[in-house]
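Engineer: Sending over a structure as structure tokens; questions will come in a sec.
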Amino acid sequence: MAKVLIPTPLRQFADKQDHVELNGSSVGEVLGELTTRFPDLRKQLFNDEGKLRSFVNVYLNDEDIRYLQKDATAVASGDTLSIVPSIAGGAPETTGAWAGGI
Amino acid sequence: MIRIDNEPWDVMVTHAEAAFPNECCGAMLGTIDGDSKQVTIAEPIENAYAGAQGARYELRPEDLLAADKKARAAGLDLIGIFHSHPDCDAYFSKTDLENSCPWYSFVVLSIKGGKFDHANSFLPNAEQTAAEKEELIWPKS
């Protein structure tokens, strides 16, 4: 079984657990098992087309699956999957401007 | 509501002022009780944006993963991200919104002339189309 670490804000969709142990021989299978068991997580992780949301990265142990075989990356018993967001941003170059904050 | 303790607040302001005129970034660790969050540790993280950093920041996911591991090891949660706006107000810009994540609080510190001016916290939605302002309490706020 693989261990999937659940980020704090998503635990409310996973029976408040900080990790879950799941079956699956690939990353795609494990994530499928995760969202089958916790359907409310699906909307958080996947868009309407069933693809991982643009800000969602998945790490197998310490490696980004985009640089492995993505969803097809093999998962062995004892592996750990982490869900990590992409975050960036910045202010416009205009000095001191209040450019329409939300 | 997100409340930031003295020590992490000092770390955040010091980091943001030291990075001026560039943007800084980092992670906030602490505890969550319903809608109430308390930041007890601020973790400065290197701004990984490859171009000019005066108006951009980027967090490496692996650095965020390390912050999450640190939080778990300490019995805390990763609850937010902070970054600075040099010589600019603390609003959630279009760039911030389009590169955000709905899972965390985003605290923006306005640094003017190298000194802290004010701050705000935001909660972006999953579609990255809007961000709601969140009550932010920092020491002396």
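The values are calculated or read from the model by the stated rules, or taken from the named source; none is laboratory data. Since the model is a prediction, treat every value here as computed from it, not as a measurement. Cβ placement follows ideal geometry from the backbone for every residue including glycine, while neighbour counts extend to all protein chains displayed.
Engineer: From the list B:51, B:114, pick out the single residue that is closer than 20 Å to residue B:13 by Cβ and loosely packed, with under 15 Cβ neighbours inside 10 Å.
Structural biologist: Working: B:51 fails: closer than 20 Å to residue B:13 by Cβ.
The match here is B:114.
Engineer: Moving on to the next point. Within the stretch B:94-107, which residues are within 19 Å of residue B:20 (Cβ to Cβ) and either in contact with a Pro (Cβ under 6 Å, 6 or more places away or on another chain) or facing another protein chain (nearest Cβ under 7 Å) (or both)?
Structural biologist: The answer is B:95, B:96.
Engineer: Is it fair to say residue B:78 is among the aliphatic types (A, V, I, L, M) and in contact with a Leu (Cβ under 9 Å, 6 or more places away or on another chain)? Steps first, please.
Structural biologist: Values: among the aliphatic types (A, V, I, L, M): yes; in contact with a Leu (Cβ under 9 Å, 6 or more places away or on another chain): yes.
Considered against the rule, which asks whether it is among the aliphatic types (A, V, I, L, M) and in contact with a Leu (Cβ under 9 Å, 6 or more places away or on another chain), residue B:78 comes out as yes.
Engineer: Before we move on, is residue A:52 at pLDDT below 95 and either buried (at least 19 other Cβ atoms within 10 Å of the Cβ) or within 25 Å of residue B:63 (Cα to Cα) (or both)?
Structural biologist: For residue A:52, the condition - at pLDDT below 95 and either buried (at least 19 other Cβ atoms within 10 Å of the Cβ) or within 25 Å of residue B:63 (Cα to Cα) (or both) - is met.
Engineer: May I pose another question? Is it the case that some residue within the stretch B:18-33 is modelled with pLDDT under 95 and either touching a strand residue (DSSP E or B) at 6+ places or on another chain (Cβ under 9 Å) or crowded, with 20+ Cβ neighbours inside 10 Å (or both)? Lay out the reasoning, then the answer.
Structural biologist: Narrowing the stretch B:18-33 to residues modelled with pLDDT under 95: B:32-33.
Next, from what is left, pick out any that are either touching a strand residue (DSSP E or B) at 6+ places or on another chain (Cβ under 9 Å) or crowded, with 20+ Cβ neighbours inside 10 Å (or both): B:32.
Looking through the stretch B:18-33, at least one residue is modelled with pLDDT under 95 and either touching a strand residue (DSSP E or B) at 6+ places or on another chain (Cβ under 9 Å) or crowded, with 20+ Cβ neighbours inside 10 Å (or both).
Engineer: May I ask you to list the residues in the stretch B:108-135 that are farther than 24 Å from residue B:21 by Cα and not charged (D, E, K, R)?
Structural biologist: Within the stretch B:108-135, the first condition is being farther than 24 Å from residue B:21 by Cα, and the residues that meet it are B:123-135.
Once the filter is applied, which keeps residues that are farther than 24 Å from residue B:21 by Cα and not charged (D, E, K, R), the stretch B:108-135 yields B:123, B:124, B:125, B:126, B:128, B:129, B:130, B:131.
Engineer: Something else now. Are there any pairs, at least 6 apart or on different chains, whose C-beta atoms fall under 6 Å, with the first in the stretch B:75-93 and free of Cβ contacts under 8 Å to residues at least 40 places away in the same chain and within 7 Å of another protein chain (Cβ to nearest Cβ) and the second acidic (Asp, Glu) and surrounded by fewer than 24 Cβ atoms within 10 Å (Cβ to Cβ), and if so, which?
Structural biologist: The qualifying pairs do not exist here.
Engineer: Sticking with this structure for a sec: Need the failing condition index for residue A:73 against (1) in contact (Cβ under 8 Å) with a residue 12 or more places away in the chain; (2) under 13 Å from the mean Cα position of the chain (by Cα), just the number.
Structural biologist: Tallying (1) in contact (Cβ under 8 Å) with a residue 12 or more places away in the chain; (2) under 13 Å from the mean Cα position of the chain (by Cα), residue A:73 fails exactly one: (2).
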